Structures are given as C-alpha cells and as structure tokens.
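Structure, as structure tokens:
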Amino acid sequence: MRVAALPGKPHAARTEQIILFRVSGQVFAVSAASVQEVRSVDSLSGAAKEIDQPAIRKVRHVLRRGDKAIYVVNVASHFGMPATAAELVFVLRKSRTALLVDGMDKMATMHRLQALPLAYCQEERTWYRGLTALDQNVIPVVNPEGFLTAEEFELLDASLPPLDAPEGSGNDRTELPQ
C-alpha cells in the first residue's frame, strides 16, 4: 500500500554564499558572510607587525585597527599542511582573526551543510562547521571562530607591546611570510 504525499509547500533549501579558497593545494570553503574583506598580502605588508609568541607558531603577524588587534593565522600552519606562498588575507567579520591563504578559487552557493563524520573527533571538530559537496567534490567548510581559542587570544594579547609604545620598542619587521 502506498501512502500519498501530504499536500503543502515543499521545503525550500537553505542556501548560503561561500568562498572557496586554496591552502597547500587543498580547497576549503568559508561563509562569505563571515569575511569582511579580502586583501592581497602586498597591500597589508606595511600595516602588519611581526609578533613572536613561540607557543602559537601559526600566528606571526598582527594588524592594528584602532585599539583592536587582528591576528593573522597562517592556515597552512594551523592545519599542519606544508607551507606555500600565501597571496591573500581574509579579514574575518566580528572576529579578531584574519586568515593567510594561498588564493581564492571562486564564490559559490552551498545548498547543504553535512555534519562532520565521527572520524573528526578532536580539536578539528572546532575547526570545521561541516562538509559540503560542490561539482562532485567534498569541500570542508571552516568555522571562522575555530582558528584561535580564548587561551590563544590571551597569550597573543599579552605578547603585544602597548598601543602607545614608541616605534622601535618591539619588532618592526612588516613583511608577511610567503
């Protein structure tokens, strides 16, 4: 016996705009709504200051925006991937984090976000929101808040010179790594 479908509106799929980006040859996605701006590494080289926090090797630079410190996370280092020549920085919205990535592939529409498999069982569960399928490829969707923990922010904040410190009181190197 067949059961007839109930009449009513079909559920509209919730879509989301995402940015596909590359790191060490791997493609990742991030919600376009979480990215405030995309800048070339060259355009930020004068604004970025080098910092040294040995406990957090994935962060080598900080951007100052008023009294706010924005930490530049090397995404390849964060994921334990080989270092490559990074070309872009994604400054994240509502965050004190920017992402150093190799390049941007394209904007796309995500129709479905799949929960992470149970194989993702440790800290990587905070790194990703889930997985999506685009053009018959499975793409990890990063969690914009998963790159730095509250403890890492505290350590990084403590390593910064005060805002009113004179030039030359810290490390003045301004080049972003490749």
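The values are calculated or read from the model by the stated rules, or taken from the named source; none is laboratory data. All values reported here derive from a predicted model rather than from experimental measurement. All Cβ positions, glycine included, derive from the backbone under ideal geometry; neighbour counts span all protein chains shown.
Observations
- Test result for Leu100, surrounded by fewer than 19 Cβ atoms within 10 Å (Cβ to Cβ) and either out of contact with any His (no Cβ under 8 Å at 6 or more places or on another chain) or under 19 Å from Phe153 (Cβ atoms) (or both): no
Here's the yes/no breakdown for (1) within 22 Å of Phe28 (Cβ to Cβ); (2) surrounded by fewer than 17 Cβ atoms within 10 Å (Cβ to Cβ); (3) in contact with a Ser or Thr (Cβ under 7 Å, 6 or more places away or on another chain):
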site	(1), (2), (3)
Val41	yes, no, no
Leu44	yes, no, no
Ala47	no, yes, no
Gln53	no, no, yes
His61	yes, no, no
Arg64	no, yes, no
Tyr71	yes, no, yes
Ser77	yes, no, no
Val89	yes, no, no
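- Among the candidates Ala98, Ala119, Ala158, the residue that is part of a strand (DSSP E or B) and either free of Cβ contacts under 8 Å to residues at least 40 places away in the same chain or under 17 Å from Ile19 (Cβ atoms) (or both) is uniquely Ala98.
- When the range 125-153 is limited to residues that are in a helix (DSSP H, G or I) and small (Gly, Ala, Ser), the one that is nearest to Thr15 (Cα to Cα) turns out to be Gly146.
- Any hit, the range 142-151, residues being modelled with pLDDT of 95 or more, in contact with a Gly (Cβ under 6 Å, 6 or more places away or on another chain) and closer than 18 Å to Ala32 by Cβ: no
- Just one of (1) in a strand (DSSP E or B); (2) within 16 Å of the chain's Cα centre (by Cα) fails for Ala33. It is (1).
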